[in-house]
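> So that we are looking at the same thing, I have put the structure below in structure tokens.
The values are calculated or read from the model by the stated rules, or taken from the named source; none is laboratory data. As the structure is a prediction and not an experimental result, all values here were calculated from the model. Cβ placement follows ideal geometry from the backbone for every residue including glycine, while neighbour counts extend to all protein chains displayed. The accessibility values were calculated without ligands, DNA or RNA, using every heavy atom of the protein model including side chains. Shrake-Rupley method; radii C 1.70, N 1.55, O 1.52, S 1.80 Å.
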Amino acid sequence: MILFYRRGALGDTLLTFPVLEILKRRGKRILAVGNVDYFNIAKQAGWVDEINYEIPHMDFEKVIKVSVDGDVKPFPERRVWIVDHYLESLGLKDIYSRLLNMIPLKDNPLRGKAVIHPSSGSARKNPQIELFLRIEEYLKKHGYEVIYLIGEADKWVKKYVSRIYESENPTEMAKALSNARLFVGNDSGVSHLASYVGVPSFIFYGPTDPLVWKPIGEKVYQISLNLPCSPCFPYTCQERLCLNTDTLFKSFIKAIKSLMI
């Protein structure tokens with residue numbers, strides 16, 4: 001059995017899944033150690049055999065540890081997509097899927113809807129809520145049914161919107177998102193999840209790097225103003241011109257018109 005260790009946020013964990021998929025296709029048994037709620041998604045996909053929060057006392061065929069003191073560094077030393085960084089670090093050149101197949105929820109509340117998730121793990125990455133309210137109105141005018149997705153860190157959104165779907169279960173979120181019509185969000189774990197399950201996903205990047213933190217998926221539309229001062233996270237300025245509401249809204253309109261969903 002192979003031990004695969006990775007702690008971190010939802011997006012960080014999802015970006016390691018191609019490693020698990022490749023190893024599984026090679027016939028390996030895998031124990032994933034980290035956030036069990038996140039790795040449960042990989043188990044549902046058939047890419048992990050067992051999950052645990054702590055490393056058990058047992059012998060392993062191989063240990064892959066994604067950490068500062070591990071054999072795979074959690075962040076690349078040069079500006080490359082982090083998935084490529086992981087695969088290069090491990091010498092894995094196999095093809096992997098860009099779609100995380102999940103069985104949709106029965107009576108799915110997100111089915112056929114435009115899903116908006118205006119939050120992330122850091123407020124410094126979030127545009128003003130006005131951006132998403134404007135996007136909501138635009139989508140409604142063009143025949144979309146809009147609903148806001150609320151996770152564990154997103155309770156503040158309830159002050160501004162009424163139509164919500166709330167879940168703190170990542171696997172449930174993945175199943176709910178799997179047959180949504182489209183998704184709009186920030187550089188967050190939920191956005192990574194939406195794109196990975198195949199939803200056309202419009203994702204805003206301000207202080208974070210859209211190259212390094214590109215989600216896995218075939219229908220990802222990254223929206224960034226590409227200012228000379230970007231990326232800068234976590235050393236964000238107070239002005240945050242990279243998250244200007246008017247400019248990002250115009251960029252979104254241009255992106256969705258080109259898609260013509």
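> All but one of (1) of a type in the set (Phe, Trp, Tyr); (2) open to solvent by 30 Å² or more (accessible area, probe 1.4 Å); (3) under 25 Å from Pro76 (Cα atoms); (4) touching a Ser or Thr at 6+ places or on another chain (Cβ under 8 Å) hold for Trp156; state the number of the condition that does not hold.
(3)
> Let me ask you something else. Quick one: would you say Gly121 is open to solvent by 30 Å² or more (accessible area, probe 1.4 Å) and farther than 28 Å from Phe233 by Cβ? It would help to see each step written out before you state the result.
Numbers: open to solvent by 30 Å² or more (accessible area, probe 1.4 Å): yes; farther than 28 Å from Phe233 by Cβ: no.
Here the answer is no, as Gly121 does not meet what is asked.
> Hey, another quick one. Considering only residues that are hydroxyl-bearing (Ser, Thr, Tyr) and not in a loop (DSSP other than H, G, I, E, B), look in the range 4-16 and name the one that is surrounded by the fewest Cβ atoms within 10 Å (Cβ to Cβ). Explain how you work it out, then say what you get.
Quick first cut of the range 4-16, residues hydroxyl-bearing (Ser, Thr, Tyr) only: 5, 13, 16.
Add one more test, that the residue is not in a loop (DSSP other than H, G, I, E, B), and what stays is 5, 13.
Working: Tyr5: 20, Thr13: 23.
Result: Tyr5.
> Also, I was wondering about something else. Does any residue of the range 83-90 turn out to be of a type in the set (D, E, K, R) and touching a strand residue (DSSP E or B) at 6+ places or on another chain (Cβ under 6 Å)? Break it down stepwise before answering.
We begin by selecting, within the range 83-90, every residue of a type in the set (D, E, K, R); these are 84, 88.
Okay, now just the ones that are also touching a strand residue (DSSP E or B) at 6+ places or on another chain (Cβ under 6 Å), so none.
Scanning the range 83-90, I find no residue that is of a type in the set (D, E, K, R) and touching a strand residue (DSSP E or B) at 6+ places or on another chain (Cβ under 6 Å), so the answer is no.
> Confirm whether Leu139 is aliphatic (A, V, I, L, M) and more than 19 Å from Lys254 (Cβ to Cβ). If you could, list the steps in order and put the result at the bottom.
Details: aliphatic (A, V, I, L, M): yes; more than 19 Å from Lys254 (Cβ to Cβ): no.
The answer is no for Leu139.
> Suppose the filter is at pLDDT below 95 and either within 20 Å of the chain's Cα centre (by Cα) or open to solvent by less than 40 Å² (accessible area, probe 1.4 Å) (or both); does Pro234 pass it? Lay out the reasoning, then the answer.
Details: at pLDDT below 95: yes; either within 20 Å of the chain's Cα centre (by Cα) or open to solvent by less than 40 Å² (accessible area, probe 1.4 Å) (or both): yes.
The answer is yes for Pro234.
> Can you tell me which of Ile41, Ile55 is farther than 22 Å from Leu99 by Cα and either at pLDDT 95 or above or open to solvent by 30 Å² or more (accessible area, probe 1.4 Å) (or both)? Quick ask: steps written out before the conclusion?
Values: Ile41 fails: farther than 22 Å from Leu99 by Cα.
Within the list Ile41, Ile55, the selection yields Ile55.
> Which of the residues spanning the range 143-168 are within 28 Å of Phe233 (Cα to Cα) and either in contact with a helix residue (DSSP H, G or I) (Cβ under 7 Å, 6 or more places away or on another chain) or of a type in the set (Ser, Thr, Tyr) (or both)?
Correct list: Tyr148, Leu149, Ile150, Gly151, Tyr160, Ser167.
> Also, I was wondering about something else. When you scan the range 127-150, do you find a residue that is under 21 Å from Ile41 (Cα atoms) and buried (at least 18 other Cβ atoms within 10 Å of the Cβ), even just one?
Kept after step one, since they are under 21 Å from Ile41 (Cα atoms), are these residues of the range 127-150: 149-150.
From what's left, buried (at least 18 other Cβ atoms within 10 Å of the Cβ): 149-150.
Yes.
> Could you identify the single residue in Val19, Val80 that is outside any strand (DSSP E or B), open to solvent by less than 70 Å² (accessible area, probe 1.4 Å), modelled with pLDDT of 95 or more and under 19 Å from Ser188 (Cα atoms)? Steps first, answer last, please.
On the way: Val19 fails: under 19 Å from Ser188 (Cα atoms).
Only one candidate passes the filter, namely Val80.
> Same structure again: Please determine, by comparing only the residues of the range 66-77 that are within 23 Å of Arg29 (Cα to Cα) and open to solvent by 60 Å² or more (accessible area, probe 1.4 Å), which one is modelled with the highest pLDDT.
We begin by selecting, within the range 66-77, every residue within 23 Å of Arg29 (Cα to Cα); these are 66-67, 70-74.
From what is left, the residues that are open to solvent by 60 Å² or more (accessible area, probe 1.4 Å) are 71, 73.
Details: Asp71: 90, Lys73: 96.
Per the criteria, the residue is Lys73.
> Can you pull out the residues in the range 87-109 that are at pLDDT 95 or above and of a type in the set (Asp, Glu)?
Passing the criteria: only Glu88.
> Go through the range 24-50 residue by residue and tally those that are assigned to a helix (DSSP H, G or I) and either in contact (Cβ under 8 Å) with a residue 24 or more places away in the chain or at positive phi (or both).
Initial filter on the range 24-50 (assigned to a helix (DSSP H, G or I)): 24-25, 36-45.
Next, from what is left, pick out any that are either in contact (Cβ under 8 Å) with a residue 24 or more places away in the chain or at positive phi (or both): 24-25, 37-42, 44-45.
Matching residues across the range 24-50 total 10.
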